[in-house]
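One structure below.
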Amino acid sequence: MHLAFYVLKLRRLPVYEYRMAGDRRKQTKKPESARGQEVKGNADKGQPNEYDHLREEVNKIWTSWSDSNSTPSDIWRRIEQSGLDNALKKLASAKPELEIISGLSSDDAENVSTVICEFCDLLNAIRISFVDNEKDIFDSDEKEKRYLTSSCPSIVNIWNSYCTFASNYASTFVNKGWLNSSEHKQLLSTLNELAACSVKLIVLSVNMADYHSLDDTDALVKEAIQDSTNIAKDTEVFLSNYVSLGEKHSAGEEMLGILGWMLNGLHHVSNKVIKLGIEAKEPEGSLDDYDCFVNSLTSLTKELQTLRGGEQPKEDVQQQQQQQQEKPADKKASKDAKTAEPQQDDVKKSKDSYLDAIQKFSAEYKQFSDDAWTNKRLPSIKGTSGVELKYRTENYDQLGKITVDACEVTKRRQWLDDLNLTDCQVLHSDIFVISPNPLSCTQEVTIQFPLHTKGDNICLRIKSDGKWNDVENPEIITDEDNRCFITFNSTSCEAFTALTASKSDFVTIPEQGYNYVNKENGKIEIAFPQGCFDKEIEVNISVMEFDQQNKSDSFVGIVCASDAVKLSSKEQGVTMNKNVTVQVPIVDDEDDKDTELVVARCNDKEVQVLDKRQFTIKESDRNGLYCIDIRGFWCVAILRIKRIFLNMRETIKREFQAGYGIKHPCSIITFIDDMTRDEEKQTFVMEVIDKMDADDVVESKRELGLVEVKRSRSKDVLLQRGDQVRLVIDGQMRGTEAVTEQDLTLCYMYGCSNVILVDTEIKRDPDKLPDAMLFYKHPDSESSLHSVAIMTRDLSELPTDEITARSSTTAIKSDSKKGKDSEEAAIQLLKMESLMSLARELTADEGQQLGEQLGVKPEVIKQIQESLENDHVGANFRILCEWRGRSARATMADFLVSSLKSVGKLSIADIVTEVRKYSRGLEKTDFHTSKGRQRNSPA
């Protein structure tokens, strides 16, 4: 297993989604295509920068721990041998290069973020490897001893080094030129993640309470005392810096997050290592080594009390007053008295006081954590599909080994069977699963997951202790993008989803018959005659509307349709002895001679479209009502179709099922991974996509290096919840040894991710089909839904763009490239540091005139200038930012140029126009030399 994919176990991301997340790394150069040619339209926008070599060096460290044949034990052995030391050395050597002298530009902040991201992945790789090898480590005395005497102290040192680096760098970064730009916010968020990764590592991997013996922990305790002392001091300094920012500072939330992780790590090491070390001391043993730690921890505790506005405990105040009032003679007498006491009591008192210091810190940390829970400032475990599990930092030791995400598509069928849904129940979200073990936490966590469709009376269904339970009227929230989420609290949970029951009536049909009238639409009636059933039967009656408006592009044969009526029964083997008469209304144009009424019906086995020669449609005495007789449990409707489609009934069948939501029209599309392809091995991605979304999805995949294979898009395939599609690899290609039959079977769910990924290799076989073949089939059928053929020579020799297709939207996007370039130029020109360069060139009066010309309210300008009376540059900058708002558009850059001309700053307007051509921001040299204006943007 290669470690790059090994780390994906933590991220829980499909390869292409991992690549999307990896875009923040700003890869400086797109890896060349397997055949040495780039896919058109997929050029990487990143440019070489001074931090590239650092990112590559850090990446090389953690990816070198494994290769394709490495086992988890191999990876952990390499980490212990050199990985831990290299992690410490690389951070130490990187610090001088990452040092902030006078501030960071937005571009530099973005580039530094890519380096920090690699450090996060490095720590994550160590943590995942430990979790996978933990049982093996502690099942062997030799491995446990090596771990306790060597690896454990190194991990504690890593925690100290990385956590203090993250906090110190964040403080310096915020205090030196914080611009509140998206790049600066991203860097601060990444530093928060780095602090979190270092704490998560130590919480899961260092806990003396779990060790078989404490005989080999001397080095661990010594390292923990030293590093915890450093952390306590740095946390106190960081706390002071945070307080000085003020509550409304835009960096405050992320800074508070870093503080929370620092306190969590210190709380863990204090209680799980140092406390146990104190308790294990022999009566005659000295505790002098703990003095510095206890003093630092006590000082930090007092600062935390001040932060939340609390008072010092009474006993502490009394003790301080007593010390102040005590005379020197009294001190000497007290000292002599203490000397006279037995040595054992002295050690006992010292132990108690040291343990008491830890206990007081823990109490303050708990209060801090409670406040974070109340104010919803919580870290979270995130899945790839928008699901989050938010928790208190002190509970990470209970949650660090679990993930939460949508269930795997290859296991979705099992979960659907476990849910035991009826035909009337509709899922409004994916099925989310907590794995590898269910959630079990001593305190509540908050879980939030997205709905892919809205609905009335949505119900939350949770699986806990092996049973599914429904929660009516769950809390539903809407974000700024109008996406809906369900949120709930729990301490134990295995899986969850959201559903509704479609409107239906359960009617008991007696032997003498029954006349049913629908409550929502009184024109819909069903007459069950006497003797229809041999006994009293409960029948479920559902009414479904035809949704032609939202899917109008899909319908070419159906002109209009009635509501569909569906009859079903829970009892198996029920026989309908007589015809049932169904009456439905239809808004119809009888005068259209090119159309005809037909009956469409379906059950679990077949779909039928019957014309007037095959089925009698009786017009009721009331206008617009029609009656039909059916026998059996069907979903039935009356359709008016174009007469020409009587000879194309398969089209009507598809439209009938799609229009009533019985099945969904989809496209099966095959992508090839251009980033990993070589002459003999390829990765294919098969995705089932809603027909209407296919072109957009293809374009988004292309940007990630996943390119649609030529002629791989299927015709319309109708699928419903739970339908399975099996991928069969044949011809001159085969799946790698790691690929199983289950890995090649997808279970479809509407509105969810329906993707499978398969690694393949060329396998030439003269007895098989001459091409590399991919067949898509139903699991219980050998007939193919779709097939894809690629010539073996093409697959192994041709560049990717020769075997892949371009979607219809590619041409449209290329036509609009000029507009996008203009937008990109505006974004660069209106970045914060660019506006600051402009602000420096304006006097206070000029800044005021320009602000008024740009449309900033005079009272706002006056307020800004009064608050920054002695800093006209800062005031000008604030005025420009007030005008710019949160986002930049091309029209704003045009307006800025025209406004500069209107206030008489013609030369500056010319400079802005010239710089905009190069898609970069303004710099100081642009206004004072011609050299700056002539400098082109990086290629």
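Of the candidates Phe555, Phe528, the single residue that is touching a residue at least 60 places away in the same chain (Cβ under 8 Å) and either closer than 30 Å to Ala406 by Cα or surrounded by 15 or more Cβ atoms within 10 Å (Cβ to Cβ) (or both) is Phe555.
On the stretch given as the stretch 840-871, residues that are within 22 Å of Met892 (Cβ to Cβ) and assigned to a loop (DSSP other than H, G, I, E, B) total 5.
Report yes if Glu679 is within 30 Å of Lys763 (Cα to Cα) and in contact with a helix residue (DSSP H, G or I) (Cβ under 6 Å, 6 or more places away or on another chain), otherwise no. Give the steps one after another, and end with the answer.
On the way: within 30 Å of Lys763 (Cα to Cα): yes; in contact with a helix residue (DSSP H, G or I) (Cβ under 6 Å, 6 or more places away or on another chain): yes.
For Glu679, the condition - within 30 Å of Lys763 (Cα to Cα) and in contact with a helix residue (DSSP H, G or I) (Cβ under 6 Å, 6 or more places away or on another chain) - is met.
The test for being in contact with a Phe, Trp or Tyr (Cβ under 6 Å, 6 or more places away or on another chain), closer than 23 Å to Leu123 by Cα, open to solvent by less than 20 Å² (accessible area, probe 1.4 Å) and at pLDDT 90 or above holds for Ser228. What are the residues in the stretch 872-897 that are open to solvent by less than 80 Å² (accessible area, probe 1.4 Å) and either touching a Phe, Trp or Tyr at 6+ places or on another chain (Cβ under 6 Å) or outside any helix (DSSP H, G or I) (or both), if any? Selection gives Gly885, Ser887, Ala888. Being acidic (Asp, Glu), more than 20 Å from Asp743 (Cβ to Cβ) and over 24 Å from the mean Cα position of the chain (by Cα), is that true of even one residue in the stretch 649-656? Yes; the residues of the stretch 649-656 include at least one that is acidic (Asp, Glu), more than 20 Å from Asp743 (Cβ to Cβ) and over 24 Å from the mean Cα position of the chain (by Cα).
Taking the residues in the stretch 453-467 that are basic (Lys, Arg) and surrounded by 18 or more Cβ atoms within 10 Å (Cβ to Cβ) as candidates, determine which candidate is farthest from Ser435 (Cα to Cα). Walk me through it before giving the result.
In the first step, residues of the stretch 453-467 are kept if they are basic (Lys, Arg); the result is 454, 461, 463, 467.
Then drop every residue that is not surrounded by 18 or more Cβ atoms within 10 Å (Cβ to Cβ), which leaves 461, 463.
Details: Arg461: 17, Lys463: 13 Å.
Looking at residues that are basic (Lys, Arg) and surrounded by 18 or more Cβ atoms within 10 Å (Cβ to Cβ), I get Arg461.
Selection over the stretch 155-187 of residues that are surrounded by 18 or more Cβ atoms within 10 Å (Cβ to Cβ) and either closer than 30 Å to Val221 by Cα or without any contact (Cβ under 8 Å) to a residue 12 or more places away in the chain (or both) gives a count of 16. It is to be established whether one or more residues within the stretch 476-485 are of a type in the set (Val, Ile, Thr), more than 19 Å from Cys747 (Cα to Cα), free of Cβ contacts under 8 Å to residues at least 12 places away in the same chain and not in a loop (DSSP other than H, G, I, E, B). Yes, that holds for at least one residue. Scanning the stretch 390-442 for residues that are buried (at least 20 other Cβ atoms within 10 Å of the Cβ) and part of a strand (DSSP E or B) turns up Val404, Asp405, Ala406, Leu427, Phe432, Val433, Ile434, Leu439. Hey, does the stretch 210-219 have a residue that's buried (at least 18 other Cβ atoms within 10 Å of the Cβ) and part of a helix (DSSP H, G or I)? Looking through the stretch 210-219, none of the residues is buried (at least 18 other Cβ atoms within 10 Å of the Cβ) and part of a helix (DSSP H, G or I). Scanning the stretch 693-713 for residues being surrounded by 19 or more Cβ atoms within 10 Å (Cβ to Cβ), in contact with a strand residue (DSSP E or B) (Cβ under 7 Å, 6 or more places away or on another chain) and either hydroxyl-bearing (Ser, Thr, Tyr) or assigned to a loop (DSSP other than H, G, I, E, B) (or both) gives a total of 3.
When Ser113 is tested against (1) within 29 Å of Glu56 (Cβ to Cβ); (2) surrounded by fewer than 23 Cβ atoms within 10 Å (Cβ to Cβ), just one condition goes unmet, and that condition is (2).
For the stretch 491-512, the set of residues classified as out of contact with any Cys (no Cβ under 6 Å at 6 or more places or on another chain) and farther than 17 Å from Ile431 by Cα consists of Lys503, Asp505, Phe506, Val507, Thr508, Ile509, Pro510, Glu511, Gln512, listed by residue number.
Could you count how many residues in the stretch 898-908 are crowded, with 19+ Cβ neighbours inside 10 Å and within 17 Å of Leu829 (Cβ to Cβ)? Lay out the reasoning, then the answer.
Here is the first cut: in the stretch 898-908, the residues crowded, with 19+ Cβ neighbours inside 10 Å are 899-900, 903, 905, 908.
In the following step, the residues that additionally are within 17 Å of Leu829 (Cβ to Cβ) were identified as 899-900, 905, 908.
Result for the stretch 898-908: 4.
Of the residues in the stretch 714-739, how many are farther than 20 Å from Glu650 by Cβ, in a loop (DSSP other than H, G, I, E, B), out of contact with any Lys or Arg (no Cβ under 6 Å at 6 or more places or on another chain) and open to solvent by less than 20 Å² (accessible area, probe 1.4 Å)? Talk me through it step by step, then tell me what you get.
Here is the first cut: in the stretch 714-739, the residues farther than 20 Å from Glu650 by Cβ are 721-722, 724, 726-739.
Still in the list and also in a loop (DSSP other than H, G, I, E, B): 721-722, 732, 736-739.
Next, from what is left, pick out any that are out of contact with any Lys or Arg (no Cβ under 6 Å at 6 or more places or on another chain): 721-722, 736-739.
Now narrow it down to the ones that are open to solvent by less than 20 Å² (accessible area, probe 1.4 Å): 722.
Qualifying residue count, the stretch 714-739: 1.
Here Glu254, Glu236, Glu279 are screened, and the one residue that is open to solvent by 10 Å² or more (accessible area, probe 1.4 Å) and either more than 19 Å from Tyr365 (Cα to Cα) or out of contact with any Leu (no Cβ under 8 Å at 6 or more places or on another chain) (or both) is Glu279. When restricted to residues that are open to solvent by less than 20 Å² (accessible area, probe 1.4 Å) and among the basic types (Lys, Arg), the stretch 909-922 contains 1.
Report yes if Ser385 is at pLDDT 50 or above, surrounded by 14 or more Cβ atoms within 10 Å (Cβ to Cβ) and touching a strand residue (DSSP E or B) at 6+ places or on another chain (Cβ under 8 Å), otherwise no. Can you show your working first?
Numbers: at pLDDT 50 or above: yes; surrounded by 14 or more Cβ atoms within 10 Å (Cβ to Cβ): yes; touching a strand residue (DSSP E or B) at 6+ places or on another chain (Cβ under 8 Å): yes.
Yes.
Residue-level analysis places Lys768 outside the set of residues that are within 26 Å of Ile431 (Cα to Cα), touching a strand residue (DSSP E or B) at 6+ places or on another chain (Cβ under 6 Å), of a type outside the set (Asp, Glu) and open to solvent by 40 Å² or more (accessible area, probe 1.4 Å). Candidates are the residues of the stretch 499-523 that are without any contact (Cβ under 8 Å) to a residue 60 or more places away in the chain, closer than 29 Å to Tyr750 by Cα and in a strand (DSSP E or B); the one that is least open to solvent (accessible area, probe 1.4 Å) is Asp505. Screening the stretch 1-99 for helices (runs of 4 or more DSSP H) wholly inside it with 1 or more residues that are open to solvent by 80 Å² or more (accessible area, probe 1.4 Å) and modelled with pLDDT of 50 or more returns the ranges 52-63, 72-78, 84-98. In this structure, does Asp121 turn out to be of a type outside the set (S, T, N, Q) and under 23 Å from Leu179 (Cβ atoms)? No. Considered as a group, the residues in the stretch 699-729 that are acidic (Asp, Glu) and modelled with pLDDT under 90 include one that is farthest from Ser784 (Cα to Cα), and that residue is Glu703.
The values are calculated or read from the model by the stated rules, or taken from the named source; none is laboratory data. For clarity, every value in this text was computed on a predicted model and none was experimentally measured. Ideal geometry is used to build each Cβ from the backbone, glycine not excepted, and the neighbour counts take in all protein chains shown. Please note that ligands, DNA and RNA were not included when accessible areas were found on the heavy atoms of the full protein model with its side chains. Shrake-Rupley method; radii C 1.70, N 1.55, O 1.52, S 1.80 Å.
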